[in-house]
Structure formats: C-alpha cells, structure tokens
Amino acid sequence: MHASILRKLSQYSLLAFSFLVPELSAAGCSRPINVPISATGLSVIVRAESVSGIYPDLLRSIAEKEGCQFVFTVVPRARLEAMFEAGKADILIPASKTPRRDDLGLFVPLIHSRATLISIQSNRPSIKTAQDLIERQDLRLALVRGFDYGDAYQTLVAELTRQGRVFMESDVVSVARLMKSGSTYLTIMAPSIFDGAIRGDARVEELLGQLRYEPINELPWGDSGVYLSKTSLSKSDTEQLRQIFERTSRSGVVWKNFQRYYQPDLLKEGIRPLNSSH
C-alpha cells in the first residue's frame with residue numbers, strides 16, 4: 001500500500017503530505033525541524049495519512065523527551081536526496097554513511113547495516129564479488145533511485161549502467177515486481193528494507209521465503225544513521241540535535257526497535273547493533 005502512495009506522489013510532484021509531530025516543548029530546538037521521508041521497509045511506513053515505523057517512532061519519542069518539533073513530509077526517495085543536497089531538508093534519516101553525504105551533512109551513527117545482493121532462489125553459482133556480478137552478463141540489476149551504499153556501490157552501478165544492465169525504479173515494490181517477472185533481475189539493498197516493503201503487499205508478498213541473500217565483498221558492514229544538514233541548520237540546532245542523536249545512539253533504542261519490527265533471522269543478514277564487531 002505504501003509503495004503505491006509513493007508512486008502517486010511521484011506523479012504529482014507538487015503535492016506533499018505533511019505530518020506534524022506534536023510540539024510538547026520548544027526548549028530543544030529553535031524552530032521546527034524539516035524531515036522529508038520516504039517509505040523504507042519497516043524503517044519508515046507510509047499508509048494514507050499515517051506515518052509510522054522505526055524512525056518516525058524514534059523521532060516522536062525524541063520530540064516528547066527533548067522538546068524538538070519534527071515536521072514529516074512524504075516524498076519519493078530520489079527527491080528526498082535532492083532536497084538534502086539543496087539544503088531544503090534539515091535531516092536525512094535513515095541514511096547509510098557515504099563520502100558524498102559527508103560533504104553535505106554531519107553524520108551520527110545509529111546502527112550497523114549492510115546491503116546485500118538479493119535475488120529469487122535458484123541453483124546459479126554464488127556471487128561473492130562485484131567482478132563476479134559484472135561477468136554474469138545475463139543478470140540485470142533493479143535498483144531504487146536515490147539509494148546509496150557508498151563508492152563501491154556507485155562504481156558497480158556505473159559499470160553495469162554502461163553495459164545497459166541497470167533498471168532504476170522509484171520504490172522497492174517496483175523493484176520486487178521486476179524480480180518477480182523474471183529470474184534474471186536482482187537487486188542490491190539492505191535486506192530489512194526489501195523485506196519490510198514487500199510484506200503485506202499482495203502483488204509481491206509471495207516472494208517472502210523465496211529470497212537469496214548474498215553479501216558482496218566490496219559492500220561490507222558500515223554505519224547507518226542520521227545526517228544533519230550543514231546548510232539549513234544553525235550551529236546551535238546542529239549541536240543540539242547532534243547531542244540528542246548521540247545520546248539516542250548510546251541508549252541502544254534503535255536496535256531494540258529493529259528487534260521489535262523484524263525477525264532475528266532477517267536481521268542477521270543486514271542489521272547489527274553499534275556495539276557489535278563488524
């Protein structure tokens with residue numbers, strides 16, 4: 001359901017749904033914090049006029065405890081990234097740590113994550129490296145526009161795009177529908193994002209239990225968390241938010257939220273608490 005809403009938002013780019021976290025105190029931040037968000041598995045769930053999931057829940061909890069007001073605006077993922085680059089978004093959450101994003105914002109890690117190669121189960125030989133995938137020219141990648149897992153990911157995508165083997169989609173369910181249409185389509189993303197997006201969607205839910213997760217050597221475990229804009233936020237608000245998210249990170253609440261939303265066998269593929277070793 002939430003994927004279809006994002007497609008409608010893509011068609012009507014001037015339309016955005018805004019959801020205001022209740023303001024219980026103005027002490028924490030000097031003004032409302034602008035948080036464009038996109039449906040991202042169970043991390044961010046969008047249904048009609050409801051926004052929920054791991055990170056909206058987290059921000060609502062912060063609003064109650066810290067007195068900062070967060071304004072959610074639902075947009076497609078690619079537009080979210082563009083807004084952050086243009087200084088029109090105060091924070092980017094959730095986001096993997098990448099060099100490109102480091103130029104735009106101050107990063108606070110909240111969880112360890114890993115993107116893997118995801119496909120429908122088959123008897124094909126395993127793929128362990130980017131070169132393995134490059135050499136398998138019968139295989140094609142279906143990816144979400146705006147997802148970024150670092151330089152090695154971008155290099156791989158650029159090479160496969162040069163070969164005409166990359167298909168960019170606006171959301172995860174569209175990727176899953178391509179994968180369902182033929183076994184030559186694979187994707188790369190965090191397993192929790194893929195699972196959360198297709199669970200409950202009648203068009204693609206049958207893929208659950210049929211999926212194959214393959215770690216790629218060039219895409220190791222890394223940090224995922226929140227970026228604070230270097231452009232739109234004042235120094236005082238940046239420092240206030242940095243302290244808030246660092247306290248949140250140390251508390252372990254994000255890992256507990258993931259455990260509440262996901263089964264352990266899925267988490268082991270792509271999510272770990274910060275205090276674990278890579």
- Long-range amide H contacts for Ile33: which residues qualify at under 5 Å (H placed 1.01 Å from N, peptide plane, sequence gap of 5 or more or a different chain)? Gln69, Phe70, Val71
- Item | C-alpha long axis of helix 151-162 to longest principal axis of the chain, angle in ° | 50
- Work out from phi, with θ = phi - 60° and the Karplus expression 6.51 cos²θ - 1.76 cosθ + 1.60, the ³J(HN,Hα) of each residue of the range 78-88, listed in order in whole Hz, and give x for Gly and Pro. 4, 5, 4, 4, 5, 5, 5, 4, 8, x, 9
- Inter-part gap, Cα centre of the range 89-146 to Cα centre of the range 44-83, in whole angstrom, is 22
- Item | Built amide H within the under 5 Å cut-off of Ile216, gap 5+ | Leu117
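Normalised by the residues of the range 116-214, what does the relative contact order come to in percent, with Cα pairs under 8 Å and at least six apart?
This gives 45 percent for the range 116-214.
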- Calculated FRET efficiency, Glu64 and Thr155, Cβ-Cβ r, R0 45 Å, to nearest 0.05? 0.60
- Local electrostatic count at Pro109 - Lys and Arg +1, Asp and Glu -1, tallied over other residues with Cβ under 15 Å: +4
- Helix 54-66 sits off the longest principal axis of the Cα atoms of the chain, rounded to the nearest 10 on a 0 to 90 degree scale, by 10
- Using only Cα atoms, tell me the angle between helix 235-251 and the longest principal axis of the chain; keep it within 0 to 90° and round to the nearest 10. 60
- Message: What FRET efficiency comes out for Gln137 versus Gln263 if R0 is 41 angstrom and r is the Cβ-Cβ distance? Round to the nearest 0.05.
- Response: 0.70
- Restricting to Cα pairs under 8 Å and 6 or more apart, the percent relative contact order of the chain works out to 26
- Item | Chain lengthening between Leu208 and Lys230 when straightened (0.36 nm per residue, less Cα-Cα) | 4.0 nm
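Local charge sum around Ile244 (other residues, Cβ-Cβ under 9 Å, Lys/Arg +1, Asp/Glu -1)?
+1
Values in this text are rule-based calculations from the coordinates and carry no lab data. Treat the numbers as computed from the prediction; the structure is a model and nothing was measured. Cβ sites come from the backbone with ideal geometry, for glycine too, and all protein chains shown count toward neighbours.
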